[in-house]
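Below: one structure, written as structure tokens.
The values are calculated or read from the model by the stated rules, or taken from the named source; none is laboratory data. Note that the structure is a prediction, hence the values are computed from the model and not measured. Cβ placement follows ideal geometry from the backbone for every residue including glycine, while neighbour counts extend to all protein chains displayed.
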Amino acid sequence: MKIKKYQAKTTREALLLVKADLGPEAVILKIHEPKNLLGKSEGVEVTAALDETVLPPEAIPSAEMGSDPVSAPGAYDRRGVQKVQWRNIDEESKVLDHNGRNSVGLGGKVEKTMHEVQALRQDVHHLRDELKTSMKTSQAGMPAEFQSIAKGLERAGLTQAVIQDIIAELMISCPPEDRSGSRLLAASRRILASRIPASPGIPIRKGRSAVMLLLGPTGVGKSTTIAKIAGREMLRGNRTVAIITTDCYRMGALEQMQSFANATNIELETVFGPDDVQESLERLKHHDLILVDTAGRSRNNQEHLDELKAFVAAVHPDEVHLVLSLNTRDRDLLEMVELFRPMGVNRILFTKQDETFELGALYWLTSQTKLPVSFVATGQRIPDDIQEADRDILASWVLGEVAL
Ligand SMILES: Nc1nc2c(ncn2[C@@H]2O[C@H](COP(=O)(O)OP(=O)(O)O)[C@@H](O)[C@H]2O)c(=O)[nH]1
Ligand SMILES: [Mg+2]
């Protein structure tokens, strides 16, 4: 089968080119209208195929045969190839899809073409894999223009395997003639951003309170973050917020939250166990958002973990955010996810972004665990130092572009 591409200003002109070159037996595979950066059309590109294989008579469908290039859609020549309806290609391409699935002759053709496309796809996949493998074996052979991006990713704490994967993706997406520093940086940011799952903001539920629970290890900033989110919503003034706290174990924790609630006039409920939860939720149900703070739990104390699990189940929150500090070692981060995930964690909220330059975890932990980032806390100030997760900003941080 011969497959060729034709470019022209209009569809009609492109089709005439197809017809002149391949003849009326050509099968149109694709009509594409490329657009420039401003979204303006850059003409039409038609992909057409011609198969000179003559089909045995039994493979020819019984549809009416026509020799006229403008014969009805669905007409076939004696070789079972669908005729192109030159006048109305949009319609024709629809018919082609439809008939391709239903008729023996054309179905076979389309299937063959699909196999060819599939084979090409596989080739591309092999090439990508080969590219990645060759990079793994010869890091020194990496083109100079990629070295600084690779170094930036290394500084962020990404593993060599991930760096090579991203660089290979970059090599594929940026042609050699277009590898300026700014172009590569923008492309890297785009690749990273597309791989970081994000689910920014607070939950909102129509007609009832949304319940957002924060859990995680001690000292990561759960209570501070609750105060930031509550303060932020209060300042915005479009939602009412209440807080439930269970952090009654650590010295001063409850007093701190109490004084924040008093100063901001935010309603606060203290809960001592799963049995009190429903009552508290009931008392606060007139609020739009209920933030639930929990006490940090040691991974070595199974009893504490079981208690927390029972508490989360009793709250029945809309969202469970695992709060993790970015200045934690990679292995510990992963272990925390494994430890807390069974409690229904469905978001990661990072804190202490301001305390480290190694921000690779924003990328690798979320892409590896498939848990989206909700917020990132960037300092101690309440309520200023918190941001909703924005994929582009997160990607920039991983690349180390933003001055800290
Ligand atoms: N630098 C920095 N410190 C933070 C951040 N978030 C919280 N903290 C500090 O971390 C310490 C522990 O915070 P706390 O909210 O009590 O942690 P919790 O035990 O998880 O509730 C406090 O000194 C906070 O001011 C942050 O984003 N950046
Ligand atoms: Mg706390």
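All of (1) at pLDDT below 95; (2) in contact with a Gly (Cβ under 7 Å, 6 or more places away or on another chain) hold for Thr356 with one exception: (2).
Here Gly296 meets each of (1) out of contact with any Pro (no Cβ under 6 Å at 6 or more places or on another chain); (2) of a type in the set (Gly, Ala, Ser); (3) within 14 Å of ligand 1 (Cβ to nearest atom) with one exception, condition (1). Residue pairs whose Cβ atoms lie under 7 Å apart, separated by 6 or more positions or on different chains, with the first residue in the stretch 175-196 and of a type in the set (D, E, K, R) and the second surrounded by 11 or more Cβ atoms within 10 Å (Cβ to Cβ), are Arg179/Glu145; Arg183/Cys174; Arg189/Asp392; Arg189/Ala395; Arg189/Ser396; Arg189/Leu399; Arg195/Tyr363; Arg195/Ser367. Taking the conditions exactly as written (in contact with a strand residue (DSSP E or B) (Cβ under 8 Å, 6 or more places away or on another chain) and either closer than 21 Å to Thr378 by Cβ or within 15 Å of ligand 1 (Cβ to nearest atom) (or both)), does His321 satisfy them or not? Criteria met by His321. Taking the stretch 332-381 as the range and being hydroxyl-bearing (Ser, Thr, Tyr), in contact (Cβ under 8 Å) with a residue 60 or more places away in the chain and surrounded by fewer than 20 Cβ atoms within 10 Å (Cβ to Cβ) as the test, only Ser367 passes.
Restricting the stretch 214-240 to residues that are away from ligand 2 (no atom under 13 Å from the Cβ) and within 30 Å of the chain's Cα centre (by Cα), the residue that is nearest to Leu333 (Cα to Cα) is Ile229.
Within the stretch 241-256, being near ligand 2 (Cβ under 10 Å from one of its atoms) and either surrounded by 24 or more Cβ atoms within 10 Å (Cβ to Cβ) or under 36 Å from the mean Cα position of the chain (by Cα) (or both) holds for Thr245, Thr246, Asp247. Checked against the criterion of being crowded, with 17+ Cβ neighbours inside 10 Å, within 18 Å of His316 (Cα to Cα) and either outside the structural domain of Asp332 (by TED's automatic domain parsing) or in contact with a strand residue (DSSP E or B) (Cβ under 8 Å, 6 or more places away or on another chain) (or both), the candidates Ala230, Ala198, Ala210, Ala295 yield just one match: Ala210.
Annotation note: of Leu281, Leu291, the sole residue that is under 30 Å from Asp392 (Cβ atoms), at pLDDT 95 or above and either more than 32 Å from the chain's Cα centre (by Cα) or of a type in the set (A, V, I, L, M, F, W, C) (or both) is Leu291. Set side by side, the residues Ile3, Ile60, Ile31 differ, and just one is farther than 19 Å from Met114 by Cα and either modelled with pLDDT of 75 or more or touching a helix residue (DSSP H, G or I) at 6+ places or on another chain (Cβ under 9 Å) (or both), which is Ile60. As for the stretch 211-228, it holds no residue that is away from ligand 1 (no atom under 16 Å from the Cβ) and of a type outside the set (A, V, I, L, M, F, W, C).
Close Cβ contacts (under 9 Å, 6 or more residues apart or on different chains) running from residues in the stretch 246-259 that are modelled with pLDDT of 85 or more to residues that are among the aromatic types (Phe, Trp, Tyr) and away from ligand 1 (no atom under 11 Å from the Cβ) comprise Thr246/Phe272; Thr246/Phe311. So for the stretch 271-279 (the condition being within 16 Å of ligand 2 (Cβ to nearest atom), in contact (Cβ under 8 Å) with a residue 24 or more places away in the chain, buried (at least 16 other Cβ atoms within 10 Å of the Cβ) and not hydrophobic (A, V, I, L, M, F, W, C)), does at least one residue qualify? Checked against the condition, which is being within 16 Å of ligand 2 (Cβ to nearest atom), in contact (Cβ under 8 Å) with a residue 24 or more places away in the chain, buried (at least 16 other Cβ atoms within 10 Å of the Cβ) and not hydrophobic (A, V, I, L, M, F, W, C), the stretch 271-279 yields no hits at all. Taken together, the residues in the stretch 369-388 that are of a type outside the set (Val, Ile, Thr) and within 12 Å of ligand 1 (Cβ to nearest atom) amount to 9.
Residues that are among the basic types (Lys, Arg) and in a loop (DSSP other than H, G, I, E, B) within the stretch 152-196 comprise just one, Arg179.
Restricting Ile229, Ile202 to those that are among the aliphatic types (A, V, I, L, M), closer than 17 Å to Val373 by Cβ and in a loop (DSSP other than H, G, I, E, B) reduces the list to Ile202. Filtering the stretch 235-245 to residues that are without any contact (Cβ under 8 Å) to a residue 40 or more places away in the chain and either not in a loop (DSSP other than H, G, I, E, B) or not assigned by TED's automatic domain parsing to the domain that holds Val292 (or both) leaves only Arg236.
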